[in-house]
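To start, the structure itself, in structure tokens.
The values are calculated or read from the model by the stated rules, or taken from the named source; none is laboratory data. As the structure is a computational prediction, the values presented were derived from the model and not from experiment. Cβ sites come from the backbone with ideal geometry, for glycine too, and all protein chains shown count toward neighbours.
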Amino acid sequence: MDINDYEKLLSKAEPVLSGSNKNQERLQIPEPDIIYEGKVTIIRNFMDMVDLINRDPKHISKFLMTEFGIGVNISGKRLIINRKISADQINTKIRQYMDSFVICYECNSPDTDIQKIGRTNVLVCKACGAQHPIRIASETAHEDEKIEEGKMYTVQISRIGASGEGRAFYRGYNIFVPGVKKGDVVKVHIKKIRNNTAIAEVVDRSA
């Protein structure tokens with residue numbers, strides 16, 4: 001594939017992927033409405049936040065309890081945390097929850113469900129159809145690193161696009177890989193990058 005073909009594939013990919021990214025931008029979670037009573041933190045609008053995220057409030061409260069290492073309980077629309085926690089700390093944990101349990105790893109849409117397939121909890125996207133095992137927040141930390149043109153990375157092909165190209169999601173980038181099948185784990189050479197979209201070619205199928 002020559003450089004003109006890569007440019008054409010990038011041009012085709014960007015409108016599709018940018019459209020799905022807008023879904024995430026439209027999901028505006030309200031700031032936590034916090035009051036303190038002694039050493040206790042109360043999020044007064046917790047259920048309003050949960051309704052927008054569309055997840056079981058017990059699941060979110062259990063996540064926060066684990067992350068903060070302190071007891072929490074739901075009382076009406078409020079979440080009570082048995083320690084003083086700042087709004088910034090709460091916002092950080094809510095974003096981590098979203099990254100792990102809400103936002104599609106493939107297209108960044110928030111329109112997802114959690115399903116149990118066998119013994120594995122899987123994030124299923126209603127927008128693009130992708131299915132991925134749930135990743136805990138610590139597993140996504142490396143995705144803050146950028147990928148670079150000319151370098152090689154090992155990726156897993158999560159789906160096949162309408163034109164037959166493979167698609168992988170890696171470190172926050174949507175990577176188009178011609179000539180692969182869904183489920184393939186391959187080493188690829190990044191040829192072109194534009195915004196959060198990259199075009200790559202396979203250099204090793206035994207990765």
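A few remarks follow.
- Across segment 41-81, the number of residues qualifying as surrounded by 12 or more Cβ atoms within 10 Å (Cβ to Cβ), touching a strand residue (DSSP E or B) at 6+ places or on another chain (Cβ under 6 Å) and outside any helix (DSSP H, G or I) comes to 9.
- Members of segment 166-207 that are acidic (Asp, Glu) and modelled with pLDDT of 90 or more: GLU201, ASP204
- Among (1) surrounded by 16 or more Cβ atoms within 10 Å (Cβ to Cβ); (2) at pLDDT 90 or above; (3) more than 15 Å from ARG159 (Cα to Cα) - the single one ILE114 does not satisfy: (1)
- Residues satisfying the stated conditions in segment 140-155, i.e. modelled with pLDDT of 85 or more and either closer than 16 Å to GLU106 by Cβ or under 20 Å from the mean Cα position of the chain (by Cα) (or both): ILE147, TYR153, THR154, VAL155
- If the condition is being assigned to a strand (DSSP E or B) and farther than 17 Å from CYS107 by Cα, then segment 157-199 contributes VAL185, VAL186, LYS187, VAL188, HIS189, ILE190, LYS191, LYS192.
- Residue match in segment 71-91 (condition: of a type in the set (Lys, Arg) and modelled with pLDDT under 90): no
- Selection status of ASP113, charged (D, E, K, R), in a strand (DSSP E or B) and under 19 Å from the mean Cα position of the chain (by Cα): yes
- The one condition from (1) of a type in the set (Asp, Glu); (2) surrounded by fewer than 13 Cβ atoms within 10 Å (Cβ to Cβ); (3) more than 20 Å from ILE60 (Cα to Cα) that GLU165 does not meet is (2).
- Extreme residue, surrounded by the most Cβ atoms within 10 Å (Cβ to Cβ), among residues of segment 82-98 that are touching a residue at least 40 places away in the same chain (Cβ under 8 Å) and in a helix (DSSP H, G or I): ILE90
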